[in-house]
1. So which residues in region 1-47 are loosely packed, with under 14 Cβ neighbours inside 10 Å, free of Cβ contacts under 8 Å to residues at least 60 places away in the same chain and among the polar types (S, T, N, Q), if there are any at all?
2. Going by what's in this entry, would residue 30 be described as on the phi < 0 side of the Ramachandran plot, in contact with a strand residue (DSSP E or B) (Cβ under 7 Å, 6 or more places away or on another chain) and modelled with pLDDT of 95 or more?
3. Before we move on, is residue 81 modelled with pLDDT of 95 or more, assigned to a loop (DSSP other than H, G, I, E, B) and basic (Lys, Arg)?
4. With respect to the numbered conditions (1) surrounded by fewer than 19 Cβ atoms within 10 Å (Cβ to Cβ); (2) modelled with pLDDT of 90 or more, which one is the sole condition not fulfilled by residue 74?
5. Considering only residues that are assigned to a helix (DSSP H, G or I), of a type outside the set (Ser, Thr, Tyr) and farther than 12 Å from residue 53 by Cα, which ones fall in region 14-28?
6. Can you name the residue in region 48-70 that is in a loop (DSSP other than H, G, I, E, B), among the small types (Gly, Ala, Ser) and free of Cβ contacts under 8 Å to residues at least 40 places away in the same chain and is also surrounded by the fewest Cβ atoms within 10 Å (Cβ to Cβ) among such residues?
Amino acid sequence: MTDSKLVDIVGVGAVTASRLSEKGLKTVKSVAKASLNALSDATGFPALRVEGIQQEAAALLKASGDDSGGTKKKNGKKKKK
């Protein structure tokens with residue numbers, strides 16, 4: 001499933017996908033790699049909600065065979081696994 005769309009991410013509907021795209025976050029991978037601040041700014045959602053969206057994006061990437069996406073902390077540093 002390498003052609004995943006933003007609306008394929010659990011928690012992202014058409015309006016949220018449009019908001020993300022307007023801020024340059026046009027792919028599942030870009031959402032998975034974005035900072036929580038960038039996602040929150042793009043969507044207007046609180047940190048806890050965008051963290052869930054980011055985790056769902058990373059899981060979608062992993063399920064599609066692209067394991068290069070990873071969640072990041074608020075400051076942009078990758079979380080340790």
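The values are calculated or read from the model by the stated rules, or taken from the named source; none is laboratory data. All of these numbers come straight from a predicted model, not from anything done at the bench. Every residue, glycine among them, receives a Cβ derived from its backbone with ideal geometry; neighbour counts consider all protein chains shown.
1. The answer is 18, and nothing else.
2. Answer is no for this residue.
3. So residue 81 does not fit the description; no.
4. It fails just one condition, (2).
5. 14, 15, 19, 22
6. Among those residues, the one meeting the criterion is 68.
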